[in-house]
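Visitor: First the structure, which I've put down as structure tokens, then a few questions once you've had a look.
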Amino acid sequence: MAKDLDELLDEVESKFCRPDPLRLGMVERPRGCVGGILSNDRNQAEAKENLRSTETFAKEDDLDSLISEIFEEPNFDKKPFKLKSKSSGNTSVRAPIQGLGKSCSPVYLGGSTAPCGIGTNTSQRACDHLRCVACDFWVVSYDDFMWDKSCDYLFFRNNMPEFHKLRTKLVKKKGTRAYACQCSWRTIEELTDLQTEHQLRWVCGKH
């Protein structure tokens, strides 16, 4: 009976009274597990930091390349020169146009014997750059011709400024000059101041 009791106590002691190695192992395992968890967290954190740094570097590289492309764009350098060349070209074209800005004062009409050019008080010349402000047509003139008395508004309205059509109403007469726009017409023999022709809306279109 005592022997059986001793065996039972040994068995109990072996199971319950010597748990230290197991308990230490159990304790160590959680520590090891905790350490593994901590190490995994650290690895994940390091991986995230590496990923962020990689993305940051990639963004910086993209930004640098974009900035370099902007500053290396050739259009910024070429456009100002093109604009300058165009403006200088326009200036050169405008200069002669501004030089040809003289007007007749007063404006004269004249027969075929009257010289054409810029009319002034001292140089009485028939203006050959007349323009009508009513129909906005240039005035044509034909030396040694006069208009037939049958001419009317519709004739000039439909046939200006084609000479082969207008010729059907032109009559040969030496020393006269036939003037016409799309709405008005005159036959002039002598030098005449345009201001005396009140029905005409003609002005000097500048020479």
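The values are calculated or read from the model by the stated rules, or taken from the named source; none is laboratory data. Owing to the predicted nature of the structure, the values given are computational and were not obtained by experimental measurement. Every residue, glycine as well, gets a Cβ built from its backbone with ideal geometry; the counts of neighbours run over all protein chains shown. Just so you know, the surface numbers come from the protein's heavy atoms only, side chains and all, with ligands and any DNA or RNA stripped out. Shrake-Rupley method; radii C 1.70, N 1.55, O 1.52, S 1.80 Å.
Visitor: Mind running the shape call on the stretch 108-204? Use the C-alpha gyration tensor, a ≥ b ≥ c as the square roots of the eigenvalues: rounded below 1.5 for a/c, prolate if a/b tops b/c, oblate otherwise. Walk me through the intermediate numbers first.
Guide: Working: a/c = 1.99, a/b = 1.34, b/c = 1.49.
Oblate shape, in that a/c is at least 1.5 and b/c is the bigger or equal ratio.
Visitor: Could I ask something else about it? Residue by residue, what Karplus-based ³J(HN,Hα) values in Hz, rounded to whole numbers, does the stretch 162-177 have, using 6.51, -1.76 and 1.60 with θ = phi - 60° and x for Gly and Pro?
Guide: Each residue's phi maps through the Karplus curve to give 7, 5, 5, 8, 5, 4, 5, 10, 9, 10, 5, 7, 5, x, 9, 9 Hz.
Visitor: Quote the charge dipole size of the stretch 108-204 about the Cα centre in Debye, to the nearest 20; the model charges only the Cβ of Lys and Arg (+1) and of Asp and Glu (-1).
Guide: On the way: 13 positive and 11 negative charges, 52 e Å.
With Lys and Arg at +1 and Asp and Glu at -1, about 260 debye.
Visitor: Something else: How many lysine pairs are close in the stretch 112-207, with Cα atoms under 25 Å apart and the two 8 or more places apart or on different chains? Let's see the in-between values first.
Guide: Working: Lys149/Lys165; Lys149/Lys169; Lys149/Lys172; Lys149/Lys173; Lys149/Lys174; Lys165/Lys173; Lys165/Lys174.
Counting lysine pairs in the stretch 112-207 gives 7.
Visitor: Sticking with this one: Expressed as a whole number of Å, what is the distance separating the alpha-carbon centroids of the stretch 96-145 and the stretch 161-185?
Guide: 16 Å
Visitor: Whole number in Å², please: accessible area per residue of the stretch 108-204, 1.4 Å probe, ligands, DNA and RNA not counted.
Guide: On the way: 5620 Å² over 97 residues.
Roughly 58 Å² per residue, with all protein chains present.
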